Amino acid sequence: MAKKEFDRPERLQFTDAGYATDTLAVRAGQHRSEEGEHSDAIYPTSSFVYTSAAEAAATFGGDIEGNIYSRFTNPTVQAFERRIASMEGGERAIATSSGMAAILSLVLSLMKHGEHLVCSRSVFGSTVSLFDKYISRAGIETTFVDPNDLDAWRAAVRPETRMFFMETPSNPLAEVTDIRAVSEIAKESTAKLVVDNCFLTPALQKPLLLGADIVMHSATKYLDGQGRAIGGVVVGCDADMEEVFGFVRTAGTCLSPFNAWVFQKGLETMPLRMRAHSAAALELAQWLEQQPQVERVYYSGLDSHPQHELATSQQSAFGGVLSFEAKASDGDLRAAAWRLIDATQMISITGNLGDVKTTITHPATTTHGRMSAEARAAAGIRDNLVRVSVGLEDLDDIKADLQLGLNAL
Ligand SMILES: *Cc1c(COP(=O)(O)O)cnc(C)c1O
C-alpha cells in the first residue's frame with residue numbers, strides 16, 4: 001500500500017490572518033499531526049523521545065526545535081496557548097495550572113524585590129490575599145485603589161511601580177473600570193497594565209486592543225465554561241511572555257495537557273456561549289429590577305448602571321454574572337439572602353461561576369467571607385447581596401426558580 005501523501009502540509013494547519021474571533025475560537029492554534037485528525041489530539045505525556053543521543057543533546061541544547069518535558073512545553077498546551085493568544089490579539093500566551101498561578105507567575109517573573117504594584121481594590125478575593133499576604137513577603141508592595149478614581153491610580157505611582165492590576169467588570173458588584181484611561185496612566189509611568197478578563201473573555205472584550213499590556217484568565221470559568229477543570233493563562237507580547245515562560249517552566253506552575261485539551265475544546269463554543277449567557281443575564285436583570293422583593297440590581301447592561309455608557313464603549317455585551325440585593329422585611333439582611341437562596345430548587349448553590357449551569361452565591365458569607373465586615377462594607381458588599389451566574393437553561397425555568405426564592409422573602 002502506498003504511504004499517505006503529505007505534500008501539502010499547510011492544508012492541515014491554519015493561519016490566523018484576517019479571521020474573526022468566532023473563527024479563531026474554532027480553528028486557531030490547532031496542532032494537527034500527520035495522522036490528519038480533525039478534532040484536536042491530546043498528548044498526555046510527561047516527556048518525549050529522540051532517535052539518537054545526538055538528537056537528544058541538540059534538542060536539550062536548543063539547537064533544534066523539539067519538546068523535552070511537559071513542564072516546559074507540550075503540544076496540547078501550546079495549541080491552547082496559540083488559540084487564546086490569537087483570540088485576545090496578543091503575540092503569545094502561557095498557560096498555568098490555575099488563574100491564581102497565572103497571577104503569581106506574572107508577578108514573580110516581571111517584578112523583583114523592592115518594586116511596587118498598584119491594584120484595583122475590586123478584584124477577586126484570592127488576588128487580594130496573594131498580593132497582600134504572600135507577594136509582599138518577596139518585598140513587592142501593593143497599593144490598593146478605588147478603580148474608578150483615576151487620580152488615585154496616578155497618585156499611587158512611585159518610581160519603582162512596575163505593574164497595574166485590574167478586573168472589569170468586577171465581582172460581585174459589576175463595577176466597570178475604564179481600560180483606556182487606566183492604560184494611559186500606566187503609560188505615563190513604568191507600569192505595565194494587567195487586566196483580568198475572566199468575566200467577559202475575548203469574545204466580549206479585548207483589553208490588549210484598548211491599551212492593556214497583558215491579559216490574564218482563570219480558564220476555570222468561561223474558557224472551559226462547563227465547570228470541569230482548573231487552569232489559567234496569561235497573554236501579552238513576546239518579550240514579557242518569554243519571562244513568564246522562564247518562570248513557569250522552572251517553578252512548575254504549568255498546565256496539564258488534559259486540562260489544556262478541555263480548555264481548547266471549550267474555546268470552540270465560547271463566543272456562542274458568551275452571547276447566550278449575556279442575553280439571558282440582561283433579560284433576567286431587567287426582570288429582577290421589576291420585582292418588588294428586589295432592592296437593587298447590579299449589571300453593567302442595565303440603563304440604570306452608573307457606568308453603562310463606559311461598559312458599552314469597551315465591551316460588546318455584558319456577560320453572564322449579575323447580583324442583586326434582596327429586601328429584608330424584618331431588617332435581617334443575611335437571613336433574607338439565605339432564605340431566598342434556600343428556596344430555589346434547580347439553581348446550584350456554589351461559589352463557582354461561568355458554567356452552563358446557573359449558580360447562586362451569597363458573597364458575604366462565601367467568596368468574600370474572609371474579608372472583615374468593615375472591608376466588605378467599604379467595598380459595598382451588603383449582607384443581602386446575592387450573586388447569580390446565569391447559565392444556559394431555559395430562561396423561563398431560571399426565572400421560575402428565582403421566583404421561588406423571591407416568594408420566600
Ligand atoms: C476564579 C477567579 C480567579 C482565580 O482563578 P482560579 O482558576 O480559581 O485560580 C481570578 N480572577 C477572577 C476574576 C476569578 O473569577
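The values are calculated or read from the model by the stated rules, or taken from the named source; none is laboratory data. Owing to the predicted nature of the structure, the values given are computational and were not obtained by experimental measurement. Backbone-built Cβ (ideal geometry, glycine too); neighbour counts: all protein chains shown. Surface areas here come from the heavy atoms of the whole protein model, side chains and all, with no ligands, DNA or RNA. Shrake-Rupley method; radii C 1.70, N 1.55, O 1.52, S 1.80 Å.
At-a-glance table
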read-out: E55 over 26 Å from A260 (Cα atoms) and either assigned by TED's automatic domain parsing to the domain that holds V145 or open to solvent by 40 Å² or more (accessible area, probe 1.4 Å) (or both); value: yes
read-out: Positions within the stretch 204-229 being surrounded by 24 or more Cβ atoms within 10 Å (Cβ to Cβ), more than 20 Å from V107 (Cβ to Cβ) and of a type in the set (A, V, I, L, M), in sequence order; value: L223
read-out: Single match in G354, G369, G405, G301 (criterion: within 16 Å of the ligand (Cβ to nearest atom) and modelled with pLDDT of 95 or more); value: G354
read-out: Odd one out for A54 among (1) within 16 Å of the ligand (Cβ to nearest atom); (2) among the hydrophobic types (A, V, I, L, M, F, W, C); (3) in a helix (DSSP H, G or I); value: (1)
read-out: Residue within the stretch 85-97 that is in a loop (DSSP other than H, G, I, E, B), free of Cβ contacts under 8 Å to residues at least 60 places away in the same chain and not hydrophobic (A, V, I, L, M, F, W, C) present; value: no
read-out: The listed residue being within 19 Å of H308 (Cα to Cα), among the aliphatic types (A, V, I, L, M) and not assigned by TED's automatic domain parsing to the domain that holds Q314, out of L173, L223, L193; value: L173
read-out: Selection count where residues are under 23 Å from the mean Cα position of the chain (by Cα) and assigned to a helix (DSSP H, G or I), scope the stretch 366-397; value: 2
read-out: Test result for T168, open to solvent by less than 10 Å² (accessible area, probe 1.4 Å), at pLDDT 95 or above and within 28 Å of D224 (Cβ to Cβ); value: yes
read-out: Checklist (1) at negative phi; (2) assigned to a loop (DSSP other than H, G, I, E, B) applied to G36, failing item; value: (1)
read-out: Residue count for the stretch 230-265, restricted to those that are within 12 Å of the ligand (Cβ to nearest atom) and open to solvent by 10 Å² or more (accessible area, probe 1.4 Å); value: 3
read-out: Residue that is closer than 16 Å to F14 by Cβ and surrounded by 23 or more Cβ atoms within 10 Å (Cβ to Cβ), where the choices are A85, A93, A41; value: A85
read-out: Evaluation of V77 against (1) in contact with a strand residue (DSSP E or B) (Cβ under 6 Å, 6 or more places away or on another chain); (2) away from the ligand (no atom under 15 Å from the Cβ); (3) farther than 25 Å from T59 by Cα (one fails), failing number; value: (3)
read-out: Residue identified as within 22 Å of the chain's Cα centre (by Cα) and either in the same structural domain as A212 (by TED's automatic domain parsing) or of a type in the set (G, A, S) (or both) among G18, G61, G29; value: G29
read-out: Scan of the stretch 61-76 for residues that are among the aromatic types (F, W, Y) and in contact (Cβ under 8 Å) with a residue 60 or more places away in the chain, ordered by number; value: F72
